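The values are calculated or read from the model by the stated rules, or taken from the named source; none is laboratory data. All values derive from a computational prediction rather than experimental measurement. A quick note on method: Cβ atoms are made from the backbone with ideal geometry, for glycine too, and the neighbour counts reach across all protein chains shown. These area figures cover heavy atoms from the full protein model, side chains too; ligands, DNA and RNA do not enter into them. Shrake-Rupley method; radii C 1.70, N 1.55, O 1.52, S 1.80 Å.
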Amino acid sequence: MTTRRDFIIKSVIAGAGVAVGGSAFGKSSGSFSAKSYNKIIGANDRVRVGTIGFSDRHRASHVGPFKELAKGMNFELVAVSDLWSRRRDEAKAFYKKQLDVDVKAFRNNEELYDAKMVDAVFMSTADFQHAMHTVEAVKAGCDVYAEKPLAETMSDARAVLKAVKDTKKIVQIGSQRRSGSNYFAAEDFIKSGKFGPIVMVELMWNVNQPERWRRPELVKDLKEADIDWKRYLLNRPFEAFDPRKYLEYRLFWPYSSGIPGQWMSHQIDTVHWFSGLAHPRSAVANGGIYQWKDGRTNADTMTVVFDYGPANDPTSGFQVQFTSRFSNSAGETKELYYSNGGMINLDTNEISPTGGLTESHAKTMGMKANLLPKLTLQGDKVATDANTGGDPLTFNHIKNWMECVRSRKTPNAPIEAGYSHSIANIMATAAYRTGLKVTFDEKTQEVMAGGKPFKY
């Protein structure tokens, strides 16, 4: 199996006197070979894979890596479940062309699982469905590659965490940064103590794309008779059929939190990973619909400020600021970690003494300066466009999941990682929607706003 250390062949930091191994698309630095899998019990049994939701993300980013890996690892895509007949027909044609397989199409997940023909599933349905669809899958005996955000409410988050732990199925959360060699290197550098305590993290994700998350042509085509609207709603409050909330769900709460769930979930996950902290202590947020007044209910501009640190020591910790806008792409994406000695820039993959305490300033305070060296993190830059395609991090992430389905070892982004990013997402949503400073109750596992658990 490719472990997290396999991504860093010899060391962590290039420029520190040793080399670092990066991975290219289709060429992970692990020791995978078809022969090696024959040594694993059950390796000769074909893993039958189904698709839950024939989405843009699945077509663009899951199928390419799967196509390259499936034969050598003895995986086969055999089925698809989608509520829309059009998507089912498209899926059958797509898989025939891309994978040369004839898949069986099902109208819903229950029919798929009742057929007892899949061992694992790719799941990329609407944001609010991820948690409950994962619950369905693991209870049906399937391993899951689950796209993020994992959950948009704490009740869903608690339910999926319990289901996965109870069933002990392999669940990989689609936080592909956890399969990037540069991110492993940053984690190691921070946890080694060389970086010093984190004092602040700045996260940014800006685009200027009027079409982002919009599907106007598809919206015109979708009729209520084409889908099972009640089944689509799952555990959300009933409301009349709206094709936009089916196809453009990212624009509408409570079907998606929008910016926090889609984008912040990726970046905040690294904060939990690098710091070892499971969730923020508090969150405040502001924003609004300033540019795209198209009927959406989720913000097109948002800033969230989190406080992180140990719950039993409010005197220590650090701040995280996340900001995002749809109206101007200046700044694009940024992930910047600061200590008193310098910074880690995960946009440029550089560690540097930028902004660190200088010798002269330290001397006047009777302190010792601890400036960071200038080093380079080796690895592929994370893809942030709408359909990332076969980017190296997603390739490595899917490969890691497939290996773990075989080995039954913990994947790079386990269920606990998804649970943690869900807490942060829900805190951000609660802060934005209530205008209050929100916290997290460890005992009840609830996001608290105004002394009450945040719901819808």
Cα-Cα P(r), the chain, percent of pairs per 10 Å interval: 4, 20, 30, 27, 14, 4, 1, 0
Of all accessible heavy-atom area on the range 110-215, the percent that carbon and sulfur account for (1.4 Å): 53
Calc'd 3J(HN,Hα), the range 226-241, phi into Karplus 6.51 cos²θ - 1.76 cosθ + 1.60 (θ = phi - 60°), Hz, glycine/Pro = x, comes to 6, 9, 9, 4, 5, 5, 4, 5, 6, 9, 7, x, 5, 8, 4, 3
So, in nm, how far is label L99 from label E76 when the simple model puts each one 7 Å beyond its Cα toward the Cβ? 1.1
Once label points are set 7 Å from the Cα along Cα→Cβ at both F238 and E224, what is their separation, rounded to one decimal in nm? 1.2
With point charges of +1 on the Cβ of Lys and Arg and -1 on the Cβ of Asp and Glu, referenced to the Cα centre of the chain, which listed residue (A131, G261, Y290) lies farthest in the positive direction of the dipole? A131
How about the range 194-275: which GluC sites (Glu not before Pro) there are in a DSSP loop, with at most 13 other Cβ atoms within 10 Å of their Cβ? E211, E239
Phi to ³J(HN,Hα) by Karplus 6.51 cos²θ - 1.76 cosθ + 1.60 over the range 355-360, Hz, x for Gly, Pro: x, x, 5, 7, 4, 5
Quick tally, 1.4 Å probe accessible area for L372, L161, sorted with the most first, runs L161, L372
On a 0 to 90° scale, report how tilted helix 85-99 is relative to the longest principal axis of the chain, with both axes built from alpha carbons and the result rounded to the nearest 10. 70
Does anyone have the angle between helix 392-407 and the longest principal axis of the chain? Alpha-carbon axes, 0 to 90°, nearest 10? 70
Sorted by chain and then number, the residues having a modelled amide H within less than 5 Å of the amide H of V144, at least 5 places away or on another chain, are V121, I170, V171, Q172
Give the angle, between 0 and 90 degrees and rounded to the nearest 10, that separates the Cα long axis of helix 181-191 from the longest principal axis of the Cα atoms of the chain. 40
From the protein chains alone at 1.4 Å, what is the descending order of accessible area for K374, K191, K71, largest first? K71, K374, K191
How much of T429 can a 1.4 Å solvent probe reach, expressed as accessible area in Å² and rounded to 10? 10
Could you provide, to the nearest whole Å², the per residue accessible area of the chain with probe 1.4 Å? 41
In nm, give the distance between the simple-model label positions of E350 and S327, each being 7 Å from the Cα along the Cα-to-Cβ direction. 3.1
Can you list the HN-Hα couplings for the range 308-315, worked out from phi with the Karplus curve (6.51, -1.76, 1.60; θ = phi - 60°), rounded to whole Hz and with x for Gly and Pro? 10, x, x, 5, 8, 9, x, 7
Please calculate the 1.4 Å probe accessible area of I289, with all protein chains present, and give it to the nearest 10 Å². 50
Which shape class, rounded, prolate or oblate, goes with the range 237-373 when its Cα gyration tensor gives a ≥ b ≥ c as root eigenvalues, a/c under 1.5 marks rounded, and past that a/b bigger than b/c marks prolate? prolate
Accessible area in the full protein assembly, largest first, 1.4 Å probe, for D114, D143, D228: D114, D228, D143
